[in-house]
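Each remark here refers to the structure printed beneath this line.
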Amino acid sequence: MGQCLSGRRGRVGTLAAAAGVMVGGETATAAPGVRQVAADFAEQFRSYSESKKQWKACMEFILRHLPDYRDLPDYRDPPDGGGRLDQLLSLSMVWAYHLFLGCSYNKDLLDKVMEMADGIEVEDLPQFTTRSELMKKHQS
């Protein structure tokens with residue numbers, strides 16, 4: 001995951017600046033114009049390997065939580081604006097990789113991202129078979 005994340009990691013500082021367009025901590029859905037500006041901006045974080053469907057879901061995840069994860073001025077944060085926004089991008093990727101690629105992660109982490117994604121609708125999700133399920137089927 002770290003290698004894929006690096007494509008988004010370098011531009012997090014710019015995302016921190018864009019988080020400022022969120023009015024008073026309200027979600028982007030409160031102001032359609034603001035949501036479009038944020039969505040247009042967020043497009044630069046799309047990985048070249050993400051399909052339109054994957055990116056749409058990932059961007060929805062990011063935009064939904066952007067007001068909660070924008071960096072607050074803090075002497076401990078790196079000057080490139082990393083910190084919490086970097087964490088949000090990572091969480092969005094964990095969720096998307098689990099959903100679309102079948103990657104598995106720590107239960108607490110999966111519980112967190114699934115809760116964060118609650119209500120985001122994604123159509124035509126792939127179905128995955130685990131190794132354990134395959135072994136059971138073979139033994140039957």
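Here is a yes/no grid of residues against (1) modelled with pLDDT of 95 or more; (2) over 19 Å from Arg46 (Cα atoms); (3) not small (Gly, Ala, Ser):
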{"site": "Leu99", "(1), (2), (3)": "no, no, yes"}
{"site": "Asp108", "(1), (2), (3)": "yes, yes, yes"}
{"site": "Lys112", "(1), (2), (3)": "yes, yes, yes"}
{"site": "Gly119", "(1), (2), (3)": "no, yes, no"}
{"site": "Pro126", "(1), (2), (3)": "no, yes, yes"}
{"site": "Thr130", "(1), (2), (3)": "no, yes, yes"}
{"site": "Glu133", "(1), (2), (3)": "no, yes, yes"}
{"site": "Lys137", "(1), (2), (3)": "no, yes, yes"}
{"site": "Ser140", "(1), (2), (3)": "no, yes, no"}
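Could you run through region 88-109 and say how many residues are at negative phi and open to solvent by 30 Å² or more (accessible area, probe 1.4 Å)?
Narrowing region 88-109 to residues at negative phi: 88-101, 103-109.
Subset that is open to solvent by 30 Å² or more (accessible area, probe 1.4 Å): 97-98, 101, 103-109.
Final tally of qualifying residues: 10.
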message: Any residue at all in region 119-126 that's in a loop (DSSP other than H, G, I, E, B), in contact with a Lys or Arg (Cβ under 8 Å, 6 or more places away or on another chain), open to solvent by less than 60 Å² (accessible area, probe 1.4 Å) and touching a residue at least 12 places away in the same chain (Cβ under 8 Å)?
response: yes
- line: Scanning region 60-87 residue by residue, the ones that are at pLDDT 55 or above, open to solvent by less than 60 Å² (accessible area, probe 1.4 Å), more than 16 Å from Ala117 (Cα to Cα) and charged (D, E, K, R) total 2
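The values are calculated or read from the model by the stated rules, or taken from the named source; none is laboratory data. This structure is a prediction, so every number in the text was calculated from the model and none was measured. When we count neighbours, we look across all protein chains shown, and the Cβ atoms used for this are built from the backbone with ideal geometry, even at glycine. Please note that ligands, DNA and RNA were not included when accessible areas were found on the heavy atoms of the full protein model with its side chains. Shrake-Rupley method; radii C 1.70, N 1.55, O 1.52, S 1.80 Å.
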